[in-house]
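Asker: Please find one structure pasted underneath; my questions will follow.
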Amino acid sequence: MAFGNYTSTDDVIARHKVRCLLGRAVAPAADAPPFGEYFRAELEFNLREFAPGRSEIGAGELVLFPLLREVWKSYRPELLLFTHEPLEYDADLCGTPDYFVCKRSEFGPTYPTTPYLLVVEAKLDDFTRAWGQCLAAMLAAQKLNGLPEQPVYGITTNGNAWQFGVLRGNEFTLDPQAVGLHNLDTVGQMLHAAFRACRDLALAPPAPAAP
């Protein structure tokens, strides 16, 4: 079944025997640089003039992608950010997440490569379904990486509330505390923490081959 057929984390748990825990996925990066005034003004303009809460595409284009892009700029030498690109492990774990982050490829900025490190899904006030799809995509990323113990991070948002999770082995940890867009700097700190974790994974030496 494709990512879109997973309607909750329960679906993923039942099919793939993933253990679900509640707890901290990433700790906010207190030293993260604050968003600049120009970016804040542009985001405020989007929120005021375009009503991004009317559709998932609107939330993604007007709120989610600008925030991801702004934070990603600090990690561009090591990481690639892809929007609406397919991610496929097999006929079961396949689909097109809204956004994903992977290690920068030696073949250039248009070629996604392992390890896949972060998956992001936008859903309008349906976090149950959002996490079902996001976790399925995270599991596909984990299997494509071939390193079960290497973390894969996940983010779901409706543009206003942001939730964070991480998959390690067969354990998925979901932070039950959502961060609201009204605390923009806190959202930025959480995003920087996730991107820093991804950067560190991308820069880590490859695991030794099994004997």
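Asker: Taking the stretch 1-33 only, how many residues are of a type in the set (D, E, K, R) and in a helix (DSSP H, G or I)?
Answerer: Result for the stretch 1-33: 3.
Asker: Quick one: which residue in 92, 175 is within 30 Å of residue 44 (Cα to Cα), out of contact with any helix residue (DSSP H, G or I) (no Cβ under 7 Å at 6 or more places or on another chain) and charged (D, E, K, R)?
Answerer: 175
Asker: Identify, please: which residue in the stretch 83-110 is buried (at least 20 other Cβ atoms within 10 Å of the Cβ) and within 14 Å of the chain's Cα centre (by Cα) and is, among those, nearest to residue 5 (Cα to Cα)?
Answerer: Here the answer is 97.
Asker: Further question: Give the residue, chosen from 80, 135, that is more than 19 Å from residue 175 (Cβ to Cβ) and in contact with a Ser or Thr (Cβ under 8 Å, 6 or more places away or on another chain).
Answerer: On inspection, the qualifying residue turns out to be 80.
Yes or no, residue by residue, for (1) of a type in the set (S, T, N, Q); (2) in a helix (DSSP H, G or I); (3) touching a residue at least 60 places away in the same chain (Cβ under 8 Å); (4) over 13 Å from residue 12 (Cβ atoms):
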{"site": "128", "(1), (2), (3), (4)": "yes, yes, yes, no"}
{"site": "155", "(1), (2), (3), (4)": "no, no, no, yes"}
{"site": "159", "(1), (2), (3), (4)": "no, no, yes, yes"}
{"site": "193", "(1), (2), (3), (4)": "no, yes, yes, yes"}
{"site": "198", "(1), (2), (3), (4)": "no, yes, yes, yes"}
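Asker: Right, something else. So in the stretch 75-86, with the set limited to residues that are touching a residue at least 60 places away in the same chain (Cβ under 8 Å) and in contact with a Phe, Trp or Tyr (Cβ under 7 Å, 6 or more places away or on another chain), which one is nearest to residue 29 (Cα to Cα)?
Answerer: Within the stretch 75-86, the subset touching a residue at least 60 places away in the same chain (Cβ under 8 Å) is 75, 78-79.
Imposing the further condition that a residue be in contact with a Phe, Trp or Tyr (Cβ under 7 Å, 6 or more places away or on another chain) reduces the set to 75, 79.
Details: 75: 14, 79: 18 Å.
The residue in question is 75.
Asker: Something else: Give just the number: which of (1) part of a helix (DSSP H, G or I); (2) touching a residue at least 60 places away in the same chain (Cβ under 8 Å) does residue 48 not satisfy?
Answerer: Only one criterion in (1) part of a helix (DSSP H, G or I); (2) touching a residue at least 60 places away in the same chain (Cβ under 8 Å) is unmet by residue 48, namely (2).
Asker: What number of residues in the stretch 3-17 are crowded, with 16+ Cβ neighbours inside 10 Å and within 18 Å of the chain's Cα centre (by Cα)?
Answerer: 5
Asker: Give the residues of the stretch 28-53 that are among the small types (Gly, Ala, Ser), surrounded by 12 or more Cβ atoms within 10 Å (Cβ to Cβ) and modelled with pLDDT of 95 or more, sorted by residue number.
Answerer: Passing the criteria: 29, 32.
Asker: Which residue out of 157, 173, 128 is touching a strand residue (DSSP E or B) at 6+ places or on another chain (Cβ under 7 Å), within 20 Å of residue 5 (Cα to Cα) and among the hydroxyl-bearing types (Ser, Thr, Tyr)? Talk me through it step by step, then tell me what you get.
Answerer: Working: 173 fails: within 20 Å of residue 5 (Cα to Cα); 128 fails: touching a strand residue (DSSP E or B) at 6+ places or on another chain (Cβ under 7 Å).
Result of the check over 157, 173, 128: 157.
Asker: On to the next question. Taking the conditions exactly as written (touching a residue at least 40 places away in the same chain (Cβ under 8 Å) and small (Gly, Ala, Ser)), does residue 108 satisfy them or not?
Answerer: Here the answer is no, as residue 108 does not meet what is asked.
The values are calculated or read from the model by the stated rules, or taken from the named source; none is laboratory data. Given the structure is predicted, the values throughout are model-derived calculations rather than measurements. Please note: Cβ atoms are built from the backbone with ideal geometry, for glycine as well, and neighbour counts cover all protein chains shown.
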